[in-house]
């Protein structure tokens, strides 16, 4: 609704009106609620996502080891339009599968398969050289461990170090540059966020209009820019606020918080392990996307948005047919 209102206050209402057609993507939540009836249906969806993960992993291995996409300038993309989308999808899929692997209640061979594929997907995220996905994945893993194996949370840092050590030197160098403010990409993001802040200060309630950032960026561009033209502002909160207003950004935050608040009890429900694993995956993916979205506009990436909506809706659709919950784990 806020995005539609923003059209009427846009700097180019006709252009913005064409952009909001993407809002139909959010009907996926309704579709999941209508078609997924209980835990069996929900886990069939995850089984399909497992096949998708296998395909993306294999494509990424071909890209990296056979086609030579093994550096920052030529990266694995798994057949997708850009490596950032590929990294974001693998990030979410790895967490969903890892949640099933770490939650009791499913046959051991299936859990082993989920875990092995999740680990492969995590390694492929590393090979994309995508630092926002590194940070999001790290945050998602912490959430997953806190919900599934809280006693192992202290083991996460040394395991992360071990993972970094087994990755190629170029990946290690890329990860080490994440917070280097002299890095060209980092400087450009700071310039984008500064430009976005100016847009927000001028039009705080409804923004410059859906789909208007690309055209208006040269007007608001800061002197320290690196790329003269950009498609978005590489930050969910900044981009949403600049495009459709601060109230829209608050609505986005409300979605993130609502999933955390509603999903946490399901993730701790001992009586429904099939629901619990879905909830753990949804919570981890939710946090991972939010953290990665501090450095990338993944909320505006339609492939990632579709996956996000399905993953976040699954535990609640599954819970409908799984009986009454038991008291949460203390």
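Over the Cα atoms of region 173-214, compute the convex hull volume and normalise it per residue, giving Å³.
Expressed per residue, the convex hull around the Cα atoms of region 173-214 is 93 Å³.
By the count of other C-beta atoms within 10 Å, a proxy for reagent exposure, 91, 294 are ordered fewest to most as 294, 91. Evaluate the relative contact order of the chain (contact order divided by residue number), counting alpha-carbon pairs under 8 angstrom at least 6 apart; express in whole percent. Relative contact order here is 27 percent.
Rounded to the nearest 10 degrees, the inclination of helix 108-127 to the longest alpha-carbon principal axis of the chain is 30 degrees. Between the helical axis of 246-267 and the dominant principal axis of the chain, each derived from Cα atoms, what acute angle in degrees is found, rounded to the nearest 10? For 246-267 against the chain, the angle is about 10 degrees. Kindly identify region 1-90 as rounded, prolate or oblate by the Cα gyration tensor criterion: order the square roots of the eigenvalues as a ≥ b ≥ c, call it rounded if a/c is under 1.5, otherwise compare a/b with b/c, prolate if a/b is larger, else oblate. In terms of gyration-tensor shape, oblate. The ellipsoid that matches the Cα gyration tensor of region 55-114 has semi-axes, each √(5λ) in whole angstrom, of 28, 12, 8, with the longest given first.
Taking the longest Cα principal axis of the chain as reference, the axis of helix 156-166 is set at about 80 degrees.
If packing is taken as the average count of other Cβ atoms within 10 Å, what order do 59-66, 263-270, 174-181 fall into, highest mean first?
Values: 59-66: 17.2, 263-270: 19.4, 174-181: 13.2.
My ranking of the peptides, most packed first, is 263-270, 59-66, 174-181.
When the chain is treated as a Gaussian network with alpha carbon springs shorter than 10 Å, the biggest mean-square fluctuation among 116, 285, 160 belongs to 160. Using a Gaussian network model of the chain with C-alpha springs under 10 Å, which one of 53, 198, 128 is most mobile by mean-square fluctuation? Looking only at 53, 198, 128, the biggest GNM fluctuation is shown by 198.
From the square roots a ≥ b ≥ c of the eigenvalues of the alpha-carbon gyration tensor of region 1-151, which class results: rounded (a/c under 1.5), prolate (a/b over b/c), or oblate? Since a/c reaches 1.5 but b/c is at least a/b, the shape of region 1-151 is classed as oblate. Taken over the chain, the convex hull of the Cα atoms encloses 137 Å³ per residue. By the beta-carbon count within 10 Å of each Cβ, the least crowded to most crowded order of 73, 193, fewest first, is 73, 193. Quick check: pseudo-label points 7 Å beyond the Cα along Cα→Cβ at residue 55 and residue 219, how many nm apart are they? Going by the 7 Å Cα→Cβ label model, 4.2 nm. Only DSSP H runs of four or more residues enter the estimate; each adds -39500 (n - 2.57), and after division by the residues of the chain the mean residue ellipticity at 222 nm equals -21500 deg cm²/dmol.
Read-outs: derived from the displayed coordinates by stated rules, not from any lab. Note that the coordinates shown come from a computational prediction; the quantities given were computed from them, not determined experimentally. Quick reminder, even Gly has a Cβ in these numbers, built from the backbone with ideal geometry, and neighbours come from all protein chains shown.
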